[in-house]
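The values are calculated or read from the model by the stated rules, or taken from the named source; none is laboratory data. All of these numbers come straight from a predicted model, not from anything done at the bench. Please note: Cβ atoms are built from the backbone with ideal geometry, for glycine as well, and neighbour counts cover all protein chains shown. Side chains included, ligands, DNA and RNA excluded: accessible areas come from the protein's heavy atoms. Shrake-Rupley method; radii C 1.70, N 1.55, O 1.52, S 1.80 Å.
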Amino acid sequence: MDHELDPDAPARDRILDAAEGLFAEHGFDATPTSRIAERAGVPKGLVHYYFRRKPDLLEALVERLPHPVRGADVAVAGDVLAGLRALVTALDRALDASSVLSHLLWREADAHPVVRDALLRRSGELEDAVHEVLHTGGGAPDRIRGAARLLAAAIGHRYALDRHGDDARTDMEAELSFVAAGL
């Protein structure tokens, strides 16, 4: 599975593109930096110029994940359910564009604390986005925060299953309706 890299892209981007592809194919530990340099079309020293240590490549790849959509950007005044639907749709689009990278990073999270910590921060951002949407409907702050945690966990679980190749992604309508009605 050889990926074509844009020869006109900056060297740092080519290195990250090459690392992403090779890590996805062979795993982080089985991919030497010399192979990354070869695929990127750069001298090996340039890989270490941009990324002092190999784990620094993983950290940079985390930053390539799309940031969760801001709840305030998709919230629908007076209609929590419509806002939740818009949030899940926007998240689907963002995560579909980075499914290989997402799968790779979750796979490496157990062995690399920097990746795990970054993904946990992203999970918190997702909870905050759900909270922003739910907050537009009013209600007790502790119920809203609890519902945001619950729904963010359900969304995260859905994407975790999706990473394992099951193309039958659920639409989450039942979960979204349940949470919206419960507030």
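Just a few scattered comments:
- Search result, residues across the range 59-87 that are touching an Asp or Glu at 6+ places or on another chain (Cβ under 8 Å) and of a type outside the set (K, R): L61, H67, P68, G71, A72, A75
- Near pairs, Cβ below 6 angstrom, 6+ apart or cross-chain, from the range 58-87 (touching a residue at least 60 places away in the same chain (Cβ under 8 Å)) to any residue that is outside any helix (DSSP H, G or I) and open to solvent by 30 Å² or more (accessible area, probe 1.4 Å): A75/T136; V80/G137
- Looking only at the range 59-74, residues that are part of a loop (DSSP other than H, G, I, E, B) and either in contact with a Leu (Cβ under 6 Å, 6 or more places away or on another chain) or open to solvent by less than 70 Å² (accessible area, probe 1.4 Å) (or both) come to 4 in all.
- Output for the range 14-31, where each listed residue is surrounded by 14 or more Cβ atoms within 10 Å (Cβ to Cβ) and of a type outside the set (F, W, Y): R14, I15, L16, D17, A18, A19, E20, G21, L22, A24, E25, T31
- Complete set of residues in the range 75-101 that are out of contact with any Gly (no Cβ under 6 Å at 6 or more places or on another chain), open to solvent by 20 Å² or more (accessible area, probe 1.4 Å) and either of a type in the set (S, T, Y) or under 22 Å from A181 (Cα atoms) (or both): A77, G78, D79, L81, A82, R85, A86, T89, S99
- Qualifying positions in the range 39-55 - exposed (fewer than 14 other Cβ atoms within 10 Å of the Cβ) and either at pLDDT below 90 or of a type in the set (D, E, K, R) (or both): R52, R53
- Taking the criterion of being assigned to a helix (DSSP H, G or I) and modelled with pLDDT under 85, the residues of the range 133-180 that qualify are G156, H157, R158, Y159, A160, L161, D162, R163.
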